[in-house]
1. Could you identify the single residue in 287, 292 that is surrounded by 18 or more Cβ atoms within 10 Å (Cβ to Cβ), part of a loop (DSSP other than H, G, I, E, B) and of a type outside the set (D, E, K, R)?
2. Would you check if there is a residue in region 192-200 being within 30 Å of residue 124 (Cα to Cα) and not aromatic (Phe, Trp, Tyr)?
3. From the list 164, 122, which residue is small (Gly, Ala, Ser), on the phi < 0 side of the Ramachandran plot and buried (at least 18 other Cβ atoms within 10 Å of the Cβ)?
4. Of all residues being part of a loop (DSSP other than H, G, I, E, B) and under 17 Å from the mean Cα position of the chain (by Cα) in region 174-214, which is surrounded by the most Cβ atoms within 10 Å (Cβ to Cβ)? Just the residue, please.
5. Would you tally the residues in region 14-57 being more than 16 Å from residue 80 (Cα to Cα) and within 23 Å of the chain's Cα centre (by Cα)?
6. Restricting attention to region 151-161, report how many residues are on the phi < 0 side of the Ramachandran plot and surrounded by 18 or more Cβ atoms within 10 Å (Cβ to Cβ).
7. Determine whether region 151-172 contains at least one residue that is more than 30 Å from residue 302 (Cα to Cα) and under 14 Å from the mean Cα position of the chain (by Cα).
8. Given 247, 281, 267, 235, which one is hydrophobic (A, V, I, L, M, F, W, C) and surrounded by fewer than 22 Cβ atoms within 10 Å (Cβ to Cβ)?
Amino acid sequence: MLHITSLNEGLEIFKALGSDIRVQILNILLEDNNKSMHELARELNITNGALTNHIKKLEQSGLITTSKESNKHGNQKICSVHLDKILIDLEPKEDFENVYNTELRVGYFSNYKISPTCGLASRDSIIGEVDDPRYFEHPDRYNADILWFTKGFVEYTIPNFIPSSQEITQISISLEISSEAPGVNNVWPSDISFSLNGVHVGTWISPGDFGDVRGLFTPDWWPQNWNQYGLLKLLVVNKKGTFIDGLKISNVSIRDIIKDDQESIKLRMAVNEDAEHVGGLTIFGKSYGNYSQDINVSIHYTPTEDELEDDLESAD
């Protein structure tokens with residue numbers, strides 16, 4: 001997912017989409033990803049030379065990626081859709097005075113209770129044995145860049161180092177996730193619930209456990225018939241409620257979950273046993289999937305009313 005926070009920021013994307021042929025290219029790849037330049041040119045009834053310019057603009061804007069593949073006819077350039085979703089904020093950004101940013105490694109969970117199928121892996125190898133929950137306590141789990149389980153939860157402690165006399169106004173959490181099927185299954189829905197400080201803020205239904213193509217950052221040693229990539233989701237809780245990718249999922253607001261602005265924050269992700277779709281959860285870190293990132297957290301804050309009053313009195 002690409003999050004565009006202003007119209008000016010999205011100018012290159014809009015230019016790339018300002019062509020009927022380039023929109024056709026995207027529609028073709030969305031129906032059947034990983035097509036060669038020759039196949040696209042034939043379907044569009046244009047020359048390879050004309051297609052090259054369109055592919056270059058789509059690639060520069062980040063909408064597609066290209067790679068070379070060797071076969072009996074020589075090297076071919078293969079085109080694939082890179083972005084699964086584009087989120088555009090048309091409203092002006094709220095003017096936050098300060099933001100505290102932090103990253104959580106996938107293996108840095110502070111609590112868990114999970115059921116197989118399950119497992120963890122670092123960039124280089126499986127940690128312990130798959131389908132044995134005991135290895136979620138192994139010391140090497142701090143090196144994990146991917147984890148997966150069928151049902152249960154993992155909980156992370158988000159460090160909170162905002163200055164004293166400040167009030168949290170928004171929490172934003174960005175991460176790549178998917179379902180967890182035995183093997184892989186692109187149509188494998190899962191109800192993934194999110195809680196902050198013990199308060200359920202909402203549920204997102206993951207559509208599947210994706211394995212049709214290898215993730216852009218997934219290591220070469222990783223088995224092809226295992227989870228390859230997820231979807232990048234943006235969870236936001238502010239004074240207006242809780243949102244995923246800009247869509248409101250509940251009325252739970254920031255003051256419903258934050259009672260002490262100076263304490264750490266607990267993030268829990270769960271697939272509950274009584275959910276309609278018990279399809280598991282996979283969390284991808286920097287070395288796996290299509291996005292080279294861990295669990296990214298931003299805590300926005302402003303001075304409390306008392307602090308503002310003190311500042312005004314000092315100014316007088």
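1. Of 287, 292, the one residue that is surrounded by 18 or more Cβ atoms within 10 Å (Cβ to Cβ), part of a loop (DSSP other than H, G, I, E, B) and of a type outside the set (D, E, K, R) is 287.
2. So far as region 192-200 goes, yes, one or more of its residues are within 30 Å of residue 124 (Cα to Cα) and not aromatic (Phe, Trp, Tyr).
3. Answer to the selection: 122.
4. The selected residue is 179.
5. Of the residues in region 14-57, 1 are more than 16 Å from residue 80 (Cα to Cα) and within 23 Å of the chain's Cα centre (by Cα).
6. 6
7. Taking every residue of region 151-172 in turn, none turns out to be more than 30 Å from residue 302 (Cα to Cα) and under 14 Å from the mean Cα position of the chain (by Cα).
8. Exactly one residue qualifies, and that residue is 247.
Values quoted throughout were computed directly from the atomic coordinates according to the rules given, and no laboratory measurement underlies them. Every value quoted in this text rests on a predicted model; they were computed, and no experiment measured them. With ideal geometry, Cβ positions are generated from the backbone for all residues, glycine too; neighbour counts draw on all protein chains shown.
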